[in-house]
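Undergrad: Let me give you the structure first, and then I'll get to my questions.
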């Protein structure tokens, strides 16, 4: 069984660029590069990973591509590109030379306009991604799920994946509206879901494995075995249990799945979605 970590990050820490890393996050307030991740992946039997953008610039995309080119275990890159750019089509055409560039992400959760993804210029960008066969990672909060469903419905041939279960309120143990909205989004068969980033949505220092079960039940039932994939969100996961805690929670839940379903979850779905 090939195992892929479908969501992790690299960065050279910069106080301006990485201003989201505040003084409560000292453990990740430093550089994280492939040499730091490889022994962790080896320890947990992970065969490869997908590096995802953490800042919004063309330089970020090239930074990740350079590391992917130098490190065979980095199987794919999700970069950033200005989806509203007038020369987007030209940029995407140029990016075709980078075999490991699989898709793009915009930090939608930080946009003041909750309907940012439905702006005409943004949708024009999604149409360009579809034309060039790139995936799109959806980084949102629960209040954005309705817009995400509308976007997915409008671009039914575009492959989308929701990062971090759309960040439900695990710390408060609330499922209600999030469950209803994630189930509605999952009805669009072009949308997948990363089982990632859960620990940092819980109580960082006092979570229990069972805290995550209601949320895992929802996404596994809603998306089914062929549209969920594992992601560690390393190194952000170091804030709340690290790679060990993440694996503990996810393995505890997925051990009950059939062998075929486990193969899909741990690697097959990521390979299929990103074309690794």
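Undergrad: Somewhere in region 230-249, is a residue closer than 19 Å to residue 143 by Cβ, in contact (Cβ under 8 Å) with a residue 24 or more places away in the chain and more than 15 Å from the chain's Cα centre (by Cα)?
TA: First pass over region 230-249, keeping only residues closer than 19 Å to residue 143 by Cβ: none.
No: region 230-249 contains no residue that is closer than 19 Å to residue 143 by Cβ, in contact (Cβ under 8 Å) with a residue 24 or more places away in the chain and more than 15 Å from the chain's Cα centre (by Cα).
Undergrad: For the condition touching a helix residue (DSSP H, G or I) at 6+ places or on another chain (Cβ under 7 Å), over 20 Å from residue 232 (Cβ atoms) and surrounded by fewer than 21 Cβ atoms within 10 Å (Cβ to Cβ), what is the one hit in 70, 85?
TA: Of 70, 85, the one residue that is touching a helix residue (DSSP H, G or I) at 6+ places or on another chain (Cβ under 7 Å), over 20 Å from residue 232 (Cβ atoms) and surrounded by fewer than 21 Cβ atoms within 10 Å (Cβ to Cβ) is 85.
Undergrad: Restricting the search to region 42-61, which residues are outside any helix (DSSP H, G or I) and either under 18 Å from residue 236 (Cβ atoms) or in contact (Cβ under 8 Å) with a residue 60 or more places away in the chain (or both)? Before you say what the answer is, go through the steps one by one.
TA: As a first pass, look at region 42-61 and keep what is outside any helix (DSSP H, G or I): 44-57.
Scanning region 42-61 gives 44, 46, 47, 48, 49, 50, 51, 52, 53, 54, 55, 56.
Undergrad: Does residue 111 meet the test of being within 19 Å of residue 161 (Cα to Cα) and free of Cβ contacts under 8 Å to residues at least 24 places away in the same chain?
TA: yes
Undergrad: Condition first: free of Cβ contacts under 8 Å to residues at least 12 places away in the same chain and surrounded by fewer than 14 Cβ atoms within 10 Å (Cβ to Cβ). Can you find one or more residues in region 154-173 that meet it?
TA: The answer is yes; a qualifying residue exists.
Undergrad: Which residue out of 63, 32 is surrounded by 15 or more Cβ atoms within 10 Å (Cβ to Cβ) and within 30 Å of residue 205 (Cβ to Cβ)?
TA: The match here is 32.
Undergrad: Which count do you get for residues in region 18-27 that are closer than 15 Å to residue 55 by Cα and surrounded by 12 or more Cβ atoms within 10 Å (Cβ to Cβ)?
TA: Final tally of qualifying residues: 2.
Undergrad: Taking region 63-90 as the search range and keeping residues that are part of a helix (DSSP H, G or I) and without any contact (Cβ under 8 Å) to a residue 24 or more places away in the chain, which one is nearest to residue 274 (Cα to Cα)?
TA: 66
Undergrad: Run down 176, 125, 197, 146 and say which single residue is touching a helix residue (DSSP H, G or I) at 6+ places or on another chain (Cβ under 9 Å) and under 18 Å from residue 220 (Cα atoms).
TA: 197
Undergrad: Right, here's the next one. Against the conditions (1) in a helix (DSSP H, G or I); (2) in contact (Cβ under 8 Å) with a residue 24 or more places away in the chain; (3) out of contact with any strand residue (DSSP E or B) (no Cβ under 7 Å at 6 or more places or on another chain), where does residue 39 fall short? Just the number, please.
TA: (2)
Undergrad: Restricting the search to region 1-17, which residues are part of a loop (DSSP other than H, G, I, E, B), crowded, with 16+ Cβ neighbours inside 10 Å and free of Cβ contacts under 8 Å to residues at least 60 places away in the same chain? Please lay out each step first, then the result.
TA: In the first step, residues of region 1-17 are kept if they are part of a loop (DSSP other than H, G, I, E, B); the result is 1-3, 9-10, 12-17.
Adding the requirement that they be crowded, with 16+ Cβ neighbours inside 10 Å leaves 3, 9-10, 17.
Answer for region 1-17, where residues must be part of a loop (DSSP other than H, G, I, E, B), crowded, with 16+ Cβ neighbours inside 10 Å and free of Cβ contacts under 8 Å to residues at least 60 places away in the same chain: 10, 17.
Undergrad: OK, next. Considering every residue within region 226-243, establish whether at least one is over 16 Å from residue 168 (Cα atoms), at pLDDT 95 or above and exposed (fewer than 14 other Cβ atoms within 10 Å of the Cβ).
TA: No.
Undergrad: Right, another one. Out of 252, 269, which single residue is at pLDDT 95 or above and either under 25 Å from residue 155 (Cβ atoms) or within 14 Å of the chain's Cα centre (by Cα) (or both)?
TA: 269
Undergrad: Can you confirm whether residue 91 is surrounded by fewer than 21 Cβ atoms within 10 Å (Cβ to Cβ) and modelled with pLDDT of 95 or more?
TA: Answer is yes for this residue.
The values are calculated or read from the model by the stated rules, or taken from the named source; none is laboratory data. Here the structure is a predicted model, which means the values were calculated and not measured. Glycine gets a Cβ as well: all are built from the backbone with ideal geometry, and neighbour counts include every protein chain shown.
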